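First comes the structure, then the notes that go with it.
The values are calculated or read from the model by the stated rules, or taken from the named source; none is laboratory data. Here the structure is a predicted model, which means the values were calculated and not measured. Methodologically, a virtual Cβ is constructed for each residue, glycine included, from the backbone with ideal geometry; neighbour enumeration extends over all protein chains shown.
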Amino acid sequence: MGTVELSLQEIGDLARRVFSENGCDAENTDALVRTIVTAERDGSHSHGLFRLPGYIASLRSGKVNGNARPKVAMKTLAIVSVDGDNGYAPLAIERGVPALADAAKKLGVAVMATTHTHHFAALWPETEAIAGQGLIGIACVCYTPLVAPAGGKKSLFGTNPISFAWPRPGRSPVVVDMATASMALGEVQIAARDGRTVPLGTGLDANGALTTDPNEILKGTLLPFGGYKGSAIALMVELLAAGAVGESFSFEAAEADIKDGGPPRGGEFMLAISPELLAGPGWAEHSEEFFRRFDAIEGARLPGSRRQHNRLSLAPRNIDATLLERIHALCN
Ligand code: NDP
């Protein structure tokens, strides 16, 4: 059906209208609009407008609280706890990150445990916000079994993304943000929608056989990236985002979920580290030498640089026309 050009302003206006007409108050709407606009701005297509129908499904079903008031508390000097009040994650994260950054700047390291939230977005906005404070940021979440452990044919892990951000004073931070599945679910869904195949190794069909058909993978299971090594990182994410935070493992989140098309309830693990306190003055220049060596290698590029390049463009973004029709139908 093709695409329609929308400016970032128009994308934000549309998202704002849809959220506010579907039970979200101004504060939650603002945080969600920022999440969607920054995803479209940076070309993170699977986490921008594409997610809007799912967000709205869970507001309409009453599973997610559109008027959430996240509560931030210090469990210890180094542990920030954010109870998301059963709302979407962006407002909870925005409320908690300043406390996390303050604690890490004072103590050298701090952890933030977010609970009772629904995360439906990319992780780079939160680690990038931590790096913007001159800190190293690490974040991960898990929700709903979609990925089989290496060697298995049954889903147990979520797509379990992990993000890492490294601050570079005076420059954009280096931000890694990746699912530990061979491909993020949203990308598999978009490939299915667009009638494209996916690389062999992305997932298994319902009979446990390898396939390149995304529709068959959506009936079966995804695989971790990188065989048993990616599987080990997915396991680590599951333990940090659920076991360490005190929220649901993916299997628990799925069992408790009403499957209304939006994200189940879960938590998020975030870690902030001060390189200034850990390595001492000179840490930034020392690391810049590493980046100079990196940049000198032909063919290599830093993670996050594609998104950072995309955000420089003020041009309209191309939005799938069928998706736009679905979104307009969500307006009252
Ligand atoms: P990609 O595989 O597209 O990219 C992963 C990382 O690798 C990015 O930091 C990317 O940077 C970098 N990268 C990609 N290509 C290269 C290259 N050629 N050289 C160097 N670096 C490269 O991401 P995924 O599909 O794994 O994940 C997509 C998103 O889905 C993530 O933002 C993740 O947070 C989100 N997600 C969210 C979930 C949730 O429950 N909320 C669940 C699963 C995923 P760049 O962006 O610059 O290309």
Every residue from the stretch 182-196 that is farther than 17 Å from Gly48 by Cβ and within 7 Å of the ligand (Cβ to nearest atom): Met183
Given the condition under 30 Å from Glu289 (Cβ atoms), free of Cβ contacts under 8 Å to residues at least 60 places away in the same chain and either out of contact with any helix residue (DSSP H, G or I) (no Cβ under 7 Å at 6 or more places or on another chain) or within 16 Å of the ligand (Cβ to nearest atom) (or both), answer yes or no: does some residue in the stretch 246-254 qualify? no
Among the strands (runs of 3 or more DSSP E) confined wholly to the stretch 91-178, which include 3 or more residues that are surrounded by fewer than 24 Cβ atoms within 10 Å (Cβ to Cβ) and within 16 Å of the ligand (Cβ to nearest atom)? 162-166, 174-178
Looking at the stretch 43-56, which of its residues are under 13 Å from the mean Cα position of the chain (by Cα) and either part of a helix (DSSP H, G or I) or away from the ligand (no atom under 15 Å from the Cβ) (or both)? His45, Ser46, His47, Arg51
Taking the stretch 239-297 and keeping residues among the small types (Gly, Ala, Ser) and assigned to a loop (DSSP other than H, G, I, E, B) leaves Gly246, Ser248, Gly261, Gly262, Ser274, Ala279, Gly280, Gly282, Ala296
Anything in the stretch 2-23 that is assigned to a loop (DSSP other than H, G, I, E, B) and within 17 Å of Ser44 (Cα to Cα)? List them, or say none. Ser7
When Glu27 is evaluated against the numbered criteria (1) farther than 30 Å from Leu107 by Cβ; (2) in a helix (DSSP H, G or I); (3) of a type outside the set (Lys, Arg); (4) over 18 Å from the mean Cα position of the chain (by Cα), which criterion, by number, is the only one it fails? (1)
Those residues of the stretch 194-228 which are without any contact (Cβ under 8 Å) to a residue 40 or more places away in the chain and in a helix (DSSP H, G or I), in sequence order: Pro214, Asn215, Glu216, Ile217, Leu218, Lys219
The lone condition Glu288 fails out of (1) under 24 Å from Ser163 (Cβ atoms); (2) of a type outside the set (Phe, Trp, Tyr); (3) more than 10 Å from the ligand (Cβ to nearest atom); (4) touching a helix residue (DSSP H, G or I) at 6+ places or on another chain (Cβ under 9 Å) is (4)
Pairs needed: first member in the stretch 112-138, over 14 Å from Ala92 (Cα atoms); second member anywhere, away from the ligand (no atom under 12 Å from the Cβ) and of a type in the set (S, T, N, Q); C-beta distance under 8 Å; at least 6 residues apart or different chains. Gly134/Ser274; Leu135/Ser274; Ile136/Ser274
If we keep just the residues of the stretch 81-90 that are among the small types (Gly, Ala, Ser) and crowded, with 21+ Cβ neighbours inside 10 Å, which is nearest to the ligand (Cβ to nearest atom)? Ala89
Cβ-Cβ distance below 6 Å, separation of 6 or more or different chains: which pairs start in the stretch 75-101 with a residue that is under 18 Å from Leu32 (Cβ atoms) and among the aromatic types (Phe, Trp, Tyr) and end on one that is modelled with pLDDT of 95 or more and part of a strand (DSSP E or B)? Tyr88/His118
